[in-house]
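Heads up: the structure comes next, in structure tokens.
The values are calculated or read from the model by the stated rules, or taken from the named source; none is laboratory data. None of the values given here were measured: they were computed from a predicted structure. Ideal geometry is used to build each Cβ from the backbone, glycine not excepted, and the neighbour counts take in all protein chains shown. The accessibility values were calculated without ligands, DNA or RNA, using every heavy atom of the protein model including side chains. Shrake-Rupley method; radii C 1.70, N 1.55, O 1.52, S 1.80 Å.
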Amino acid sequence: MSALLEAVWWSERPGLAGALLAPPLLLAAALFRAGAALRGALYDAGILRAARAGVPVVSIGNLAVGGAGKTPVALAVARRLAARGRRVAVLSRGYGATRRDARVVSDGARVLLGAGEGGDEPVLVARRLGVPVLCGPRRAELARAAVADHGADALLLDDGFQHRALARDLDVVVVDAANPFGNGRVLPAGPNREPRAALRRAGLVWLSRADQAEPGALAALRALAADATRRAPVESRHAPVDVVDGALARGFGLEALRGRRVLLLAGIARPAGFRRTLAGLGAEIGAEAVFPDHHRFTDGELARVLREADAARCELVVTTEKDAVRLSAAAAADPRLRAVRIEAEVLRGGEVLEAALDAALAAGAAGGAPGAARAGEGAR
């Protein structure tokens, strides 16, 4: 059902199955949309109150589920906050983990949990940034712990656009410029958690994969972002920066895949972008093993994938860094495994991003109201 739903969500021509599913999905989507609108109205009216953390909070979120490129953006924003001398902590729901309780994935010095308990994205962020990363369903509680126990003076709320229980000083919404809204409908009839009009609640729109968008579509997204936020969007591309081993410990350089026949291994929402990345690095994709998003690989599954690679005469099995953190230590040690490390390379709007972050830090330090950086005309 999941694969069928994704075909309905992301295809302009979902076929007969999509047509048969449309009536019940549209009814469910109407109920979902009404519930989300009611909840939002309660926050807007102040009936539901957002807790303040006492330090600046920047949220990184999206409208469409999965695959927007949020993790590279979160890494880029966290680094910019750290470059301003801030002690950053990351707060995450920890989607895909086996645990649902409040937990410390990293204390800033050590990564304390694996991807199974901590979630793949929080573990990846912890390994890449070396900052405290806390996971759990109540981000306001995590915020208090990050400040009191870990000395954080700036918080990055990951996947936080719809999590309004914690007030934020800047909402960054990541939109995949190559496929921004799928069929345009909300869950479960489409991939969107909210209609695109919700962008008016954002402080900044970040267009990921802007290099892959058609010029006309990109211009329309720029206009949408500017109209919603009164700021030009940030635009970036997914830039490979290294090819590393399965344990994410040793780098081989970007030329390591050129001319090599590889098996693509992925458990991400939309693997088409990864295919383009491998092709851009000069790899020949001889076979693929594609799993559902956030799939927890077993050693047996990886052994089968390696056999498939041998049968397809592939020299290497190449995966994403987010997938690699879900491999066991024994599986990740296989010498045929490689992972591609990605960064968000800002192509346009860098000065807008810097101004928005400065305004958010100033608003957070002043204890401003939620969305203070959104309303701060001086930062536009």
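Observations
- Inter-label distance for residue 365 and residue 288, nm, one decimal - labels placed 7 Å from Cα along Cα-to-Cβ: 4.9
- Positive end of the dipole of the stretch 29-175 (Cβ unit charges, origin at the Cα centre): among 166, 30, 64, the Cα lying farthest that way belongs to 166.
- Label separation (residue 351 vs residue 303): 5.9 nm, computed from points 7 Å beyond Cα along the C-beta direction.
- Length gained on full extension, residue 95 to residue 183, computed as 0.36 nm times the residue gap minus the Cα-Cα distance: 29.3 nm.
- Helix 139-150 and the longest principal axis of the C-alpha atoms of the chain enclose an angle of approximately 80°.
- For the chain, with +1 on Lys and Arg beta carbons and -1 on Asp and Glu, the positive-most of 175, 298, 55 along the dipole: 55
- Rolling a 1.4 angstrom probe over the stretch 171-328 with all protein chains present gives an accessible area of which 51% lies on carbon and sulfur atoms.
- Springs join every pair of Cα atoms under 10 Å in this Gaussian network model of the chain, and among 286, 300, 246 the largest mean-square fluctuation is at 300.
- Dipole magnitude (debye, nearest 20) for the chain, charges at Cβ of Lys, Arg, Asp, Glu: 640
- Proximity of backbone amide H atoms, modeled 1.01 Å from N, is registered between residue 207 and 175, 234, 235, 236 at under 5 Å, excluding neighbours fewer than 5 places apart on the same chain.
- Angle in degrees between helix 299-311 and the longest Cα principal axis of the chain, rounded to the nearest 10: 50
- At an R0 of 56 angstrom, the distance between the Cβ atoms of residue 261 and residue 83 translates into a FRET efficiency of 0.90.
- If you run the Gaussian network model on the chain, springs between alpha carbon atoms under 10 Å, then out of 136, 61, 216 the most flexible one is 216.
- The Kirkwood radius of the chain, taken over pairs of alpha-carbon atoms, gives through the Stokes-Einstein law at 25 °C and 0.890 mPa s a diffusion coefficient of 115 µm² s⁻¹.
- Accessible-area value, residue 117, 1.4 Å probe, nucleic acids and ligands omitted, Å²: 80
- Probe 1.4 Å, accessible area per residue of the stretch 229-360, Å²: 42
- Listed residues 93, 84, 231, 193 arranged by accessible area, highest first, probe 1.4 Å: 93, 84, 193, 231
- Full-stretch length increase - residue 217, residue 149 - with 0.36 nm per residue and alpha-carbon distance subtracted: 19.9 nm
- Protection proxy ranking, peptides 234-240, 317-323, average beta carbon neighbours within 10 Å, highest first: 317-323, 234-240
- Ranking 252, 238, 216 by how far each Cα lies toward the positive end of the dipole of the stretch 215-254 (charges on Cβ) leaves 216 at the top.
- Evaluated with a Cβ-only charge set (Lys, Arg +1; Asp, Glu -1), the stretch 45-196 carries a dipole of roughly 220 debye about its Cα centre, given to the nearest 20.
- Were the residues from residue 37 through residue 275 laid out at 0.36 nm apart, the gain over their Cα-Cα distance would be 82.0 nm.
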